[in-house]
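Colleague: Please read through the structure below; I'll follow up with questions.
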Amino acid sequence: MPQTRVVVVGSANMDLVAMAPALPRPGQTMLGTDFVMVPGGKGANQAVAAARAGASCAFLGAIGSDAFGVTLKARITAAGVDTGQLRVVYGASGVALVMVNAQGENAIVVTPGANEALTGLTEEELTTVRAADVLVAQLEIPVQTVTDVAVAAHAAGTRVILNAAPARDVPPELFGAVDMLVVNEGEAQAFTGRGREDPRALLDLVPRAVLTLGGEGAWYVDREGTEVHVPAVRVDVVDSTAAGDAFTAALAVAWGEGRDVVDAVRWAAAAGAACVRRLGASVALPRRAEIDELYAPA
């Protein structure tokens, strides 16, 4: 079977991750237990995850001219992602400060840095997008860039998956170009005013949607009347930071390979479960064999 061609357009950050028994309250100083510094950002994470899941993946993003930028590009490239069109702009790279408690819950502050400079996509970059089987985008870069790339991809027949995180105001033409929306409960609430009690409310925006619920699995709905709950795969949770990125990337790979969409969601759930077993973001993203190990068809 030929490799699925996935293009990810999104953010790249250096993640500074600290583990502690609990998340500190405002004004509180707490002694941590572990620290790692790893490449992250939802765009870079999803590109690495797609490559590890078996796709031929290219990443379009922007990094800074600092030491973090050098490390980011080297690590993303080493994961098998095509970074030939990754922009380098003068100044600081994006940085994420991540705190993780003993239960694997996290709190994150992101400073965008170079990610804000990802604007005005070139014709060469748009040609790369149009040649893909699946485009994956998020909302950690300028919304207009996401809109432009989604519209171009949709017009070319490339499937568009939008992981609408973080929730932001977006123009109607962006949702109009999306084939599948992936959101968690908070994001669904922000966009529709409804959460798990009514996942079909997302279909007012897009033709297909996945509502992720962490340890409670995910709902898949579409305008053809499908409404399926996919349970989570039970594993010991160490760090949930990149679970959503692993899920979204695996969904793109499986759907691009021609799997039934509900089966693709099940495979994505296995990817999310495989991810939470390790500390960190990009270092925890699972390879295809690890996903297959946890995958349970209906």
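Colleague: Looking at (1) more than 23 Å from LEU202 (Cβ to Cβ); (2) buried (at least 17 other Cβ atoms within 10 Å of the Cβ), find the lone condition where ILE108 falls short.
Modeller: Here ILE108 clears every test but (2).
Colleague: If you don't mind, another one. Considering only the stretch 37-63, state which residues are surrounded by 24 or more Cβ atoms within 10 Å (Cβ to Cβ) and outside any helix (DSSP H, G or I).
Modeller: If the condition is that a residue be surrounded by 24 or more Cβ atoms within 10 Å (Cβ to Cβ) and outside any helix (DSSP H, G or I), then PRO39, GLY40, GLY41, ALA53, ALA55, CYS57, ALA58, PHE59, LEU60, GLY61, ALA62, ILE63 are the ones that fit.
Colleague: Tell me the residue from ALA269, ALA218, ALA209 that is more than 19 Å from THR192 (Cβ to Cβ), free of Cβ contacts under 8 Å to residues at least 60 places away in the same chain, crowded, with 16+ Cβ neighbours inside 10 Å and in contact with a Phe, Trp or Tyr (Cβ under 8 Å, 6 or more places away or on another chain), please.
Modeller: After ruling out the rest, the residue left standing is ALA269.
Colleague: Quick check: anything in the stretch 283-295 under 19 Å from MET19 (Cβ atoms), assigned to a helix (DSSP H, G or I) and in contact (Cβ under 8 Å) with a residue 40 or more places away in the chain?
Modeller: Yes, there is a match, as at least one residue in the stretch 283-295 is under 19 Å from MET19 (Cβ atoms), assigned to a helix (DSSP H, G or I) and in contact (Cβ under 8 Å) with a residue 40 or more places away in the chain.
Colleague: Quick one: in the stretch 161-197, which of the residues that are charged (D, E, K, R), in contact with a strand residue (DSSP E or B) (Cβ under 9 Å, 6 or more places away or on another chain) and part of a loop (DSSP other than H, G, I, E, B) is modelled with the highest pLDDT?
Modeller: The extreme case among them is ASP179.
Colleague: Looking only at residues in the stretch 1-35 that are surrounded by fewer than 16 Cβ atoms within 10 Å (Cβ to Cβ) and of a type in the set (Val, Ile, Thr), which one is farthest from LEU86 (Cα to Cα)?
Modeller: THR29
Colleague: Residue by residue through the stretch 103-123, note down the ones that are of a type in the set (A, V, I, L, M, F, W, C), within 15 Å of PRO166 (Cα to Cα) and touching a Pro at 6+ places or on another chain (Cβ under 9 Å).
Modeller: Scanning the stretch 103-123 gives ALA107, VAL110.
Colleague: Also, quick follow-up: I'm told THR241 meets every condition in (1) within 15 Å of the chain's Cα centre (by Cα); (2) within 18 Å of ARG277 (Cβ to Cβ); (3) assigned to a helix (DSSP H, G or I) except one. Can you identify the failing condition by its number?
Modeller: The failed condition is (3).
The values are calculated or read from the model by the stated rules, or taken from the named source; none is laboratory data. Small disclaimer: the values here were computed from a predicted structure and weren't measured. Glycine also receives a Cβ, built like all others from the backbone with ideal geometry; neighbour counts cover every protein chain displayed.
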